[in-house]
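Colleague: Encoded as structure tokens, here's the structure I'll be asking about.
The values are calculated or read from the model by the stated rules, or taken from the named source; none is laboratory data. This structure is a prediction, so every number in the text was calculated from the model and none was measured. Cβ sites come from the backbone with ideal geometry, for glycine too, and all protein chains shown count toward neighbours.
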Amino acid sequence: MIDLYYWTTPNGHKITLFLEETGLPYRIHPINIGKGEQFAADFLKIAPNNRIPAIVDNDPADHQAPLSLFESGAILLYLAEKTGHFLPKDLRGRQEALQWLFWQMGGLGPMAGQNHHFSRFAPEKIPYAIKRYVDETARLYGVLNKRLADRPFVAGTEYTIADMAIYPWIVSHQWQSQNLDDFPALKDWFERIKARPATQRAYALVEKINPPQP
């Protein structure tokens, strides 16, 4: 059983996408970041950076004490290795997937996150900051669109943890002032993943955990 410490953010969705795809048993512990629950002492024992998601694997492969992990990319890699799914086993395929996982962690996520902040949440609208992050998000979308022009998924023919890491950040494309019609290969990829039953189950959790306010 996996204990998932989760909120309905792009990084939180990465892990539910994986868990729903594999059917690995899990239970959700909501961490309402709007109420500051990420700073609770018990959560900080699992996630010292006070960010979701985090997990505790109660049945790790070494059969020792429960294993806790934080950082969404590290969690995806751990779960892929634990289950043997969604990470190619051949050398080159594995490296393709890991490159794009790290691309999301180091590029798309931080830049789109700053885009969200300055465009929607900052108390002062700073045109320079908004333009900087909207433009950088567009550049990254272009990189991804080019990558997907001749393959169905970012690492090649297989759906991998790299796709799971990237997809939730594209869901928010309207927040980021991006039009998917400008990125046709990316749009096709997005629609393929959106249609997966596991994706639909993962996003249905929003209604249960953090339903939109009227």
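Colleague: Which ranges mark the helices (runs of 4 or more DSSP H) fully within the range 128-214 that have 2 or more residues being among the hydroxyl-bearing types (Ser, Thr, Tyr), within 22 Å of Tyr5 (Cα to Cα) and touching a helix residue (DSSP H, G or I) at 6+ places or on another chain (Cβ under 8 Å)?
Modeller: Those helices (runs of 4 or more DSSP H) span 197-209.
Colleague: Output the number of residues of the range 13-32 satisfying the condition of being touching a strand residue (DSSP E or B) at 6+ places or on another chain (Cβ under 8 Å) and either touching a residue at least 60 places away in the same chain (Cβ under 8 Å) or in the same structural domain as Tyr159 (by TED's automatic domain parsing) (or both).
Modeller: Selection size over the range 13-32: 5.
Colleague: Inspect the range 72-89 for any residue being farther than 30 Å from Asp42 by Cα and of a type in the set (D, E, K, R) and give the result as yes or no.
Modeller: Yes: one or more hits.
Colleague: Restricting to the range 116-136, give me the number of residues that are under 13 Å from Ser177 (Cα atoms) and under 23 Å from the mean Cα position of the chain (by Cα).
Modeller: Result for the range 116-136: 11.
Colleague: Residue check: is Tyr141 assigned by TED's automatic domain parsing to the domain that holds Ala112 and within 22 Å of Gln200 (Cβ to Cβ)?
Modeller: no
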